[in-house]
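Structure record follows, encoded as structure tokens.
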Amino acid sequence: MNPELTKSEIESWLRETDPVELEKLWQAADRIRRETVGNAVHLRGLLEISNYCRRSCAYCGLSRHNPSLARYRMTAEEILDAARQIAAFGYGTVVLQAGEDDGIEAAWLAEIIRTIKQSTPLAVTLSLGERSLDELRLWRQAGADRYLLRFETSDPELFRLIHPPVPGQTLSRIDLLRQLRSLGYEVGSGVMVGIPGQTYRSLAEDIDLFRRLDLDMIGAGPYIPHPHTPLGTGLLKPSVCPAEQVPNTEEMTYKVIALTRLVCPEANIPSTTALATINRESGRELGLQRGANIVMPNCTPPHYRQLYEIYPGKACINETAQACQSCLAQRIRSIGRTLGTGPGGRQHRTAVPNPQSDSDERSAPNQ
Ligand code: 5AD
Ligand code: FES
């Protein structure tokens, strides 16, 4: 299979339903994954530090228009304790994630980032929505290594519809991703698979955009309707020809993961919690066997975890961080993979992998 897939070829793969053909796609993605990022699965400890949000995204349960959700913001002490626990688990990265929360003050968070960097070996990833360039710069200077900001869909009209803009905002998410890169962050983005209004053509465009942005991290999970949101209730119904609507299925998510691995061979790609939510049995493992190389175990204290309800029925909602640690280690070993050590940042490829090779060796990383 030619990894230099054109947009039309990506679209045909997204429409493919023949299991024999799909098996070829899974195998190709798994081989490229092995040859470029190796057999290690890196674990990123996820801390959901606040569920306040100033936005009103039509798909997301944290929207400010959801009055039924009790809101919380972790204290600095709680965040630092949890980060120390993540380091003690041997995970190489802490991901600080929140809604777009004005209560997360730039200087307050910068101090937390500095303390984590001084007192642990962790890489720090931020996932805090669209913040000002001054804030992003301050956090980078404080030591933050990476930033995640999904563009959700490359279709500008659909994006505006499901992600209403706020006054005064001038930069698009794509602009912000470019700014983040020039500030020296490793940059991650991604999409939801099967949002109402998403067509096969636009999903193929999303995957092509991953390639053009040369992203370091790419997350794709199935869209899961939330009953307290306009998209989830059907109150908002983007118009699309039914034959063109992408389904929000497990199989479609694997196709996106696999195609993403083919077009962005070096990227760090998670097998997401949303995927584990729609297939609790083996979603995570199948994601890892079809192109992914990262898992983000939830390390949020359990009483807050319940309240970070982006979508309902989230996997592991009642588990402790310890339970997820041993569960994941076992699941990863059961598919013949190893636990990653160290921060697990992007490894730049120095040699083009041999498409015929079946070797388990990594190509030489340059860092
Ligand atoms: N279903 C699946 N994923 C969702 N996200 C937000 N709402 C949902 C939903 N209903 C994803 C978005 C966001 C990430 C943090 O969670 O892609 O960027
Ligand atoms: Fe959380 Fe298995 S990963 S219990």
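The values are calculated or read from the model by the stated rules, or taken from the named source; none is laboratory data. Computed from a predicted structure; not experimentally measured. For neighbour counting, all protein chains shown are included, and Cβ atoms are generated from backbone atoms with ideal geometry for every residue, glycine included. Just so you know, the surface numbers come from the protein's heavy atoms only, side chains and all, with ligands and any DNA or RNA stripped out. Shrake-Rupley method; radii C 1.70, N 1.55, O 1.52, S 1.80 Å.
Structure notes:
- Antiparallel beta bridges, as assigned by DSSP with both residues in the chain, represent about 10 percent of the total such bridges.
- Hydrophobic, long helices, defined as DSSP H runs whose alpha-carbon span along the helix axis is 15 Å or greater and whose mean Kyte-Doolittle value is at least 0.0, occur in the chain at 76-89, 106-119, 250-263.
- Ligands, DNA and RNA are left out, and with a 1.4 angstrom probe the accessible area of region 174-262 is 35 Å² per residue.
- Atom-type composition of the exposed protein surface of region 1-142 places 49 percent of the accessible area on carbon and sulfur (1.4 angstrom probe).
- ARG64-HIS303 pseudo-label distance in nm [points 7 Å out on the Cα-to-Cβ vector]: 2.7 nm
- Volume per residue that the Cα convex hull of region 102-260 spans, once the total is divided by residue count, Å³: 139 Å³
- Restricting region 264-323 to trypsin sites (Lys or Arg not before Pro) that sit in a DSSP loop and have at most 16 other Cβ atoms within 10 Å of their own Cβ leaves ARG280.
- When Rg and Dmax are taken over the Cα atoms of the chain, they come to 19.3, 55 Å.
- Solvent-accessible area assigned to carbon and sulfur over region 213-344 amounts to 57 percent, based on a 1.4 Å probe.
- The residues of region 1-116 have, on average, 39 Å² of accessible surface per residue, using a 1.4 Å probe with all protein chains present.
- Extension gain for SER172 to LEU133 (0.36 nm times residue separation, less C-alpha to C-alpha distance): 12.8 nm.
- Distance between modelled label sites at CYS241 and ARG201, nm, 7 Å Cα→Cβ extension: 0.8 nm
- Largest to smallest principal axis extent of the C-alpha atoms in region 50-188, angstrom: 44, 38, 25
- Förster radius 22 Å - calculated FRET efficiency between LEU80 and GLN179 (Cβ-Cβ, nearest 0.05): 0.20
- Using only Cα coordinates, the Kirkwood hydrodynamic radius of region 156-245 works out to 14.7 Å.
- Between region 103-156 and region 164-234, the alpha-carbon center distance in angstrom: 18 Å
- Of LYS24/LYS117; LYS7/LYS237; LYS117/LYS314, those spanning more than 32 Å from alpha-carbon to alpha-carbon: LYS24/LYS117
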